[in-house]
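Worksheet: one structure, shown below.
Quick note: the coordinates plus some simple rules give every number you see, no bench work behind them. This is a predicted model, so every value here is computed, not measured. We place every Cβ from the backbone using ideal geometry, glycine too, and count neighbours over all the protein chains shown.
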């Protein structure tokens, strides 16, 4: 009886993806323990986050993809309404208006759009896959830029970047011409001065610091300088767990969240970094396989977007910590401390599992 119940409980769990994700989460707990100054309280809070996120992943894995397709439009519309609510009534914290108070709680609607945007675009292009025209791509771009524009205004550059990339991946996988992509890149280059003038002062400062962090070594460049020192001092095999000086002596800022990769690199060195990159590669490869084997275009586009967005998380965070990208506040997936981003990630993994495990149950 217990065996049957376990089989039913795990029926829609992809064992390879689940095993790789859990192993990566375990590594994250070890790194977090060191980065937090051996804080059992922080570990307990992260374990609670993992429990909640894994439960949400299981629920998502058990929802058939055709149900996800039906709720794509209502979910996107709800997200837009909440984003408008943030713009009108949101709480201002640290100079940004990102949270919407609802009386009993406060929510960050931009997190909802990380899933709602690619889901809506996958639904839109799947409905038109037989006769796609240029106008369809323009409508898709509009559906993407409306929520991204609202999030940029908050301002939240990191989240807007991730949502923009998740939507772009759907449009690209739907068959966007390379000529349009190159043309768009050229147009973006031409309009770069306009975009630059629209950035906030601190955002422009982050880009300037990218080229020379030592122009403000105790201010805007401090994060990048300390992170690169930590990574470099790790060497080939690292200084050992709990022995990283940059983290343990409190030189490294945001060491449990955005810059936890620097802690990992200092303590485990190049070998540890390669192991972590290998685990991320396995997760990405499994996601792409699920997308390639998807039962219909909606599932293919959604699975591809979720997987490539996960890649964007990894690339942006590691690039930011390594000093090759501006600091934009993107956590390292499955490693950084925090519940909100972890829930979004695990929800995405649950959708991937649903796409993989329900495909044989749907008649074609």
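Remarks
- Candidates 109, 118, 74, ranked by Gaussian network fluctuation over the chain, Cα under 10 Å, top entry: 74
- Gyration tensor (alpha-carbon) shape descriptor, segment 1-130, a/c threshold 1.5: oblate
- Anisotropy class of segment 56-141 from Cα gyration tensor, a/c 1.5 cut: oblate
- A convex hull fitted to the Cα coordinates of segment 187-328 yields 138 cubic angstrom per residue.
- Segment 146-267 - Rg (one decimal) and Dmax (whole number), Cα, Å: 18.7, 51
- Computed Rg/Rh of the chain, alpha carbon atoms with Kirkwood Rh: 0.97
- Segment 168-236 and segment 97-142 have their alpha-carbon centroids 24 Å apart.
- When you count the other C-beta atoms within 10 angstrom of each residue and take the mean per peptide, 42-52, 292-302 line up highest first as 292-302, 42-52.
- Between the C-alpha center of segment 241-271 and that of segment 309-347 there is a gap of 16 Å.
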